[in-house]
Structures are given as structure tokens and as C-alpha cells.
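Here's the structure we're looking at; comments come further down.
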Amino acid sequence: MIAISELTAETYYWARRRGETDWQVVRISTVFGASKDYWTVARTGTDIHNMPEEYDFLAEVRRPTG
């Protein structure tokens, strides 16, 4: 698991909302401000934003190489 303190803005992660079982790709958004205090979790494909504390983060989604 990745700690919230280790997250990077505008980066995609595999995460799941606490209390849910499905993992999904989310993005750490700075739409409300660049300071970590204003970061939110944007669910991919929606305009829904939640607080990072509501999620468990498994791994960063990396660009394919090659």
C-alpha cells in the first residue's frame, strides 16, 4: 500500500474507496489548489472528487514503455 504522504499530484493510482471491494484507477487532482491540503481523488471517467483519506492506494499506474 502507498501512504497518503507518498502520493504525487496529477498522478494515476490503483485505489479503492474504503468500505468498497473494487479497485479502480483514480487521479490525484489539484483542481482545488496545488497545496497538498487541497488535493482530491478524481475517479476516472467522472467528475466526482473525494478526499484522499477515503481511499487505500495500491500502486501507481505507469506509462507503458517500449
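One line per residue, one yes/no per condition, for (1) surrounded by 11 or more Cβ atoms within 10 Å (Cβ to Cβ); (2) within 8 Å of the chain's Cα centre (by Cα); (3) part of a loop (DSSP other than H, G, I, E, B); (4) at pLDDT 95 or above:
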{"residue": "S5", "(1), (2), (3), (4)": "no, no, no, yes"}
{"residue": "A9", "(1), (2), (3), (4)": "yes, no, yes, yes"}
{"residue": "R16", "(1), (2), (3), (4)": "yes, no, no, yes"}
{"residue": "V26", "(1), (2), (3), (4)": "yes, yes, no, yes"}
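I want to confirm something. Restricting to region 44-57 and keeping residues that are among the acidic types (D, E) and exposed (fewer than 11 other Cβ atoms within 10 Å of the Cβ), which single residue is farthest from S29 (Cα to Cα)? If you could, list the steps in order and put the result at the bottom.
Initial filter on region 44-57 (among the acidic types (D, E)): 47, 53-54, 56.
The next check asks that each one be exposed (fewer than 11 other Cβ atoms within 10 Å of the Cβ); those that pass are 47, 53.
Values: D47: 11, E53: 14 Å.
Applying the filter and picking the extreme gives E53.
Would you point out the residue of region 28-43, among those that are part of a loop (DSSP other than H, G, I, E, B), out of contact with any Pro (no Cβ under 7 Å at 6 or more places or on another chain) and open to solvent by less than 60 Å² (accessible area, probe 1.4 Å), that is farthest from A3 (Cα to Cα)?
Going through region 28-43, the residues part of a loop (DSSP other than H, G, I, E, B) turn out to be 30-35, 39.
Now drop any that are not out of contact with any Pro (no Cβ under 7 Å at 6 or more places or on another chain), which leaves 30-35.
From what's left, open to solvent by less than 60 Å² (accessible area, probe 1.4 Å): 30, 33, 35.
Details: T30: 18, G33: 20, S35: 17 Å.
Top of the filtered list is G33.
The values are calculated or read from the model by the stated rules, or taken from the named source; none is laboratory data. What you are looking at is a predicted structure, and each value in this text was computed from that prediction instead of being measured. Quick reminder, even Gly has a Cβ in these numbers, built from the backbone with ideal geometry, and neighbours come from all protein chains shown. Surface accessibility is based on the protein's heavy atoms, side chains included, excluding ligands, DNA and RNA. Shrake-Rupley method; radii C 1.70, N 1.55, O 1.52, S 1.80 Å.
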